[in-house]
Structures are given as structure tokens and as C-alpha cells.
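Below is one structure, written out as C-alpha cells, with a few remarks after it.
The values are calculated or read from the model by the stated rules, or taken from the named source; none is laboratory data. Since we're looking at a predicted model, the values are computed, not measured. Here the Cβ positions follow ideal geometry from the backbone for every residue, glycine too, while neighbour counts run over all protein chains shown. Surface accessibility is based on the protein's heavy atoms, side chains included, excluding ligands, DNA and RNA. Shrake-Rupley method; radii C 1.70, N 1.55, O 1.52, S 1.80 Å.
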Amino acid sequence: QVQLIESGGGLVQAGGSLRLSCAASGRTFSNYPMGWFRQAPGKERVFVAAITRGGGNTRYADSVKGRFTIDRDNAKNTLYLQMNSLKPEDTAIYYCAASRLLVPLEQLKYDYWGQGTQVTVSS
């Protein structure tokens with residue numbers, strides 16, 4: 001299996017930027033399609049973005065399109081989420097996840113999860 005550790009969260013003012021990282025260890029990172037999810041206080045965890053194994057295709061939730069960018073560096077076993085133009089409603093715990101499935105991104109189900117990193121956006 002693969003172990004995932006997120007980092008890069010913090011407190012930022014609205015309009016600011018953060019870059020989250022997800023370091024993977026264990027199995028070969030490049031074998032896994034990857035995703036980012038988030039969970040706001042009192043709400044369910046929701047999809048944010050996903051990326052194919054080679055990084056050629058991506059998918060985003062409508063709420064973050066044009067503001068967030070998912071990418072990966074397979075040589076460094078690391079997944080990233082660049083978050084720009086942050087809004088207070090982006091406040092949540094952000095999780096990275098890995099999938100064992102090789103299906104279109106919208107059909108992915110995720111098998112491995114990190115512990116999460118807190119992002120807080122102040123107004």
C-alpha cells in the first residue's frame with residue numbers, strides 16, 4: 001500500500017494563496033491516480049481535484065475551477081494543490097488520496113488517504 005502525508009496548510013487571508021503537498025511512500029507513486037478532497041466543519045468530505053498517473057489529465061470541482069491547480073512530480077513522489085484567490089468558504093481540512101483503479105477520473109474511488117492538513121481562510 002501507499003502512505004500519504006499532507007503538508008502546507010495554514011492560515012491565510014482571503015485572496016491569498018497556499019500550496020499543499022502530499023508526500024507518498026511505499027508502493028510506486030506513479031502507479032496511482034491521485035485526488036484532493038476537503039472537509040469543512042460540520043460537513044461531509046467532498047471532492048476537490050484529481051489527476052491521472054502521468055499528470056496529463058485533471059478534473060476539478062466547479063467550486064475551485066480556475067483557482068486551484070493539481071499537479072504531481074512522480075520523480076519526487078509528491079502531489080500538489082496550488083490554491084489561489086482563496087475564499088473563506090475554502091476553509092477545511094484537505095486530504096490527499098490514492099486510487100488503485102485505472103478508470104476515467106470521474107469514476108475513481110480512493111483506497112488510501114492521508115491524515116489531512118488544515119486550511120483556514122480569514123475574511
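Annotations
- Full extension of the chain between residue 46 and residue 76 gives 8.2 nm of extra length, using 0.36 nm per residue less the Cα-Cα distance.
- Fully extending the segment from residue 111 to residue 62, taken as 0.36 nm per residue of separation minus the present Cα-Cα distance, adds 15.3 nm.
- For the chain, Kirkwood radius (reciprocal of mean inverse C-alpha pair distance, Å): 14.2 Å
- Computed with a 1.4 Å probe over protein heavy atoms only, the accessible area of residue 112 comes to about 40 Å².
- Amide hydrogen neighbours beyond the local backbone of residue 2, cut-off 5 Å, H modeled: 27
- Burial ranking of peptide ranges 91-98, 76-83 (average Cβ count within 10 Å, highest at the top): 91-98, 76-83
- Stretch gain in nm, segment residue 11-residue 123, where the contour uses 0.36 nm per residue and the Cα spacing is subtracted: 39.2 nm
- Accessible surface, per residue, of the chain when the full set of protein chains is kept, probe 1.4 Å, Å²: 52 Å²
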